[in-house]
Structure formats: structure tokens, C-alpha cells
Amino acid sequence: MEVLEAIKNRRSIRKYKTTAVDERTIETVLEAACWAPSWANSQCWRFVVVRDADTRSKLAEALASVSERTNRAIEAIRQAPVAIVACAELGRSGYTTPEPRKPVTDKGDWYMFDTALAMQNLTLAAHSLGLGTVHVGAFDAKKVAAILGVPEGFCVVSMTPLGYPDEEPPLRPRRELAQTVFYDKF
Ligand SMILES: Cc1cc2nc3c(=O)[nH]c(=O)nc-3n(C[C@H](O)[C@H](O)[C@H](O)COP(=O)(O)O)c2cc1C
């Protein structure tokens with residue numbers, strides 16, 4: 001699949017078949033994630049592959065507990081055979097390398113940025129292999145960290161279900177370029 005085609009045709013998938021995803025395919029999408037660029041190649045991301053149904057059910061509960069609006073991905077986390085949880089090591093991305101590490105910019109820790117790049121690689125790679133994903137951000141990250149045993153110095157950034165789509169959602173339109181892009185001055 002062409003990159004542009006993959007970028008334009010990917011959709012957030014929230015309904016999944018229960019069909020298993022084989023190990024090699026899971027590894028392929030994780031490798032794609034790890035080929036993302038990162039601050040000084042610091043690769044602060046870590047991924048937890050969750051196949052256990054009870055654990056996915058607990059993750060789904062962590063989605064239910066943050067927002068007044070029901071998270072539309074709750075059932076997807078239960079349904080899809082795999083959930084991939086993106087975590088990040090803090091104090092690496094955007095920091096100087098020699099100890100004591102100091103932030104290089106006034107934007108602090110860039111872990112969200114680097115991990116998002118990796119997760120977008122993962123979702124595009126998954127789409128190119130016929131798999132569905134949806135970036136999920138609205139959940140109680142501390143609860144998820146406790147469920148998965150994420151150690152001190154790391155935090156949970158996002159997650160996605162991974163599996164074969166059982167829906168073809170309509171395209172969600174994007175703003176016109178003219179509303180989004182400015183030339184020479186904002
Ligand atoms: C940072 C981020 C967080 C998101 N969190 C959620 C979420 O918690 N639950 C959900 O159902 N979708 C979530 N989404 C998916 C967006 O709703 C979706 O990408 C957007 O509506 C555009 O639709 P598309 O991905 O099909 O193009 C999230 C997307 C991003 C980028």
C-alpha cells in the first residue's frame with residue numbers, strides 16, 4: 001500500500017472480529033512503531049502487548065473512569081484480540097544526554113511527541129496489513145500503570161486495540177487546507 005493511500009484511508013476502528021492476530025504480524029507493527037524518529041534517537045517509548053482477556057477488560061474499565069462522555073473505544077478494547085499500550089520513559093526526550101539531564105527547550109519533556117510518532121507508525125502499518133486500530137487517550141493513566149505494573153520513571157501515554165475490523169466507518173472530514181495552513185505569517 002502506498003504511504004499516501006494508507007494515510008488517507010486509515011479510519012479509527014471501534015468494532016473488531018475476534019479473529020486472532022498472529023505473533024509475526026504483531027511484531028511487524030511494533031517494528032514499524034520503533035522506526036519512528038525520536039529526540040536524539042532516544043526512543044523513550046515502550047509497548048505492552050496485552051492479549052489476556054481479563055487484563056483487557058480491566059483496561060476497558062480504566063477508559064470508563066475518566067470522562068463524563070462514554071469513551072467509544074471501551075468495547076473495542078474488550079473485543080479486539082490484542083491491545084497495545086504505549087508507555088514512555090520520562091526525562092529522556094528533549095533532555096541533554098550527559099547527567100545531570102536538563103531540558104533543552106522550554107517545552108519540557110517531549111515524550112508525548114515521540115510516542116505519538118511511534119503510535120502513528122504503528123496504526124499506519126496495521127492498516128496496510130488489513131488491521132484496525134484507534135488511538136485511545138481518554139483513560140485513567142495511573143490505573144492503567146497499576147494494572148500493567150509500569151515502573152517508576154515511566155508513564156502510560158496511549159493505547160490501541162489491534163485486530164481485524166468489523167466495520168467500515170465513514171470518513172471523518174478534515175478542515176480545508178486554507179483554514180489550517182498559513183504562508184509566511186500566522
Ligand atoms: C490523541 C488522541 C486521542 C484519542 N482518544 C480517543 C479515545 O479515547 N476514544 C476514542 O474512541 N477515540 C479516540 N481518538 C480517535 C479520534 O476520535 C479520531 O482519530 C478522530 O475522530 C478522527 O477519526 P479517524 O481516526 O477515523 O480519521 C483519539 C485520537 C487521538 C489522536
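For the reader, a short list of remarks on this structure follows.
- Multiplying the residue separation of residue 171 and residue 99 by 0.36 nm and subtracting their alpha-carbon distance yields 21.2 nm.
- Taking amide H positions as modeled 1.01 Å from N, with prolines and chain starts lacking one, the residues under 5 Å from residue 157 and 5 or more places away or on another chain are 86, 87, 88.
- Sequence-distant residues sharing a close amide H with residue 133 (under 5 Å, placed H): 13
- From the alpha carbon centroid of the range 1-18 to that of the range 22-77 is 16 Å.
- Per-selection Kirkwood Rh - the range 1-121 (Cα, Å, 1 d.p.): 16.5 Å
- Rounded to whole numbers, the Karplus 3J(HN,Hα) couplings from phi for the range 150-155 are 5, x, 3, x, 10, 9 Hz, using 6.51 cos²θ - 1.76 cosθ + 1.60 with θ = phi - 60°, and x at Gly and Pro.
- Taking the chain as a Gaussian network of alpha-carbon nodes connected by springs under 10 Å, the highest mean-square fluctuation of the residues 20, 73, 86 belongs to 20.
- Note that the range 115-125 has calculated 3J(HN,Hα) couplings of 5, 5, 4, 5, 5, 6, 4, 4, 5, 5, 4 Hz, one per residue in order, obtained from phi through the Karplus relation 6.51 cos²θ - 1.76 cosθ + 1.60 (θ = phi - 60°); glycine and proline are x.
- For the chain: accessible area per residue (Å², 1.4 Å): 61 Å²
- Viscosity 0.692 mPa s, temperature 37 °C, Stokes-Einstein D of the range 42-186 from Kirkwood C-alpha radius, µm²/s: 194 µm²/s
- A Gaussian network model of the chain, with springs between Cα atoms under 10 Å, assigns the largest mean-square fluctuation among 115, 105, 55 to 105.
- Highest mean packing first, where packing is the average number of other Cβ atoms within 10 Å per residue, the peptides 42-54, 129-141, 88-100 line up as 129-141, 42-54, 88-100.
- Within the accessible area of the chain, the carbon and sulfur atoms contribute 54%, probe 1.4 Å, all protein chains present.
- Of 17/143; 102/142; 8/143; 17/107; 15/107; 15/142, pairs whose Cα-Cα distance is over 29 Å: 8/143; 17/107; 15/107
- Estimated dipole of the chain in Debye, rounded to 20 [Cβ of Lys and Arg +1, of Asp and Glu -1, Cα centre]: 420 debye
- Scalar couplings 3J(HN,Hα) for the range 84-89, obtained by applying the Karplus form with A = 6.51, B = -1.76, C = 1.60 to θ = phi - 60°, are 10, 9, 8, 10, 9, 7 Hz; x denotes Gly and Pro.
The values are calculated or read from the model by the stated rules, or taken from the named source; none is laboratory data. Treat the numbers as computed from the prediction; the structure is a model and nothing was measured. Please note: Cβ atoms are built from the backbone with ideal geometry, for glycine as well, and neighbour counts cover all protein chains shown. The area values use the complete protein model at the heavy-atom level, side chains included, leaving out ligands, DNA and RNA. Shrake-Rupley method; radii C 1.70, N 1.55, O 1.52, S 1.80 Å.
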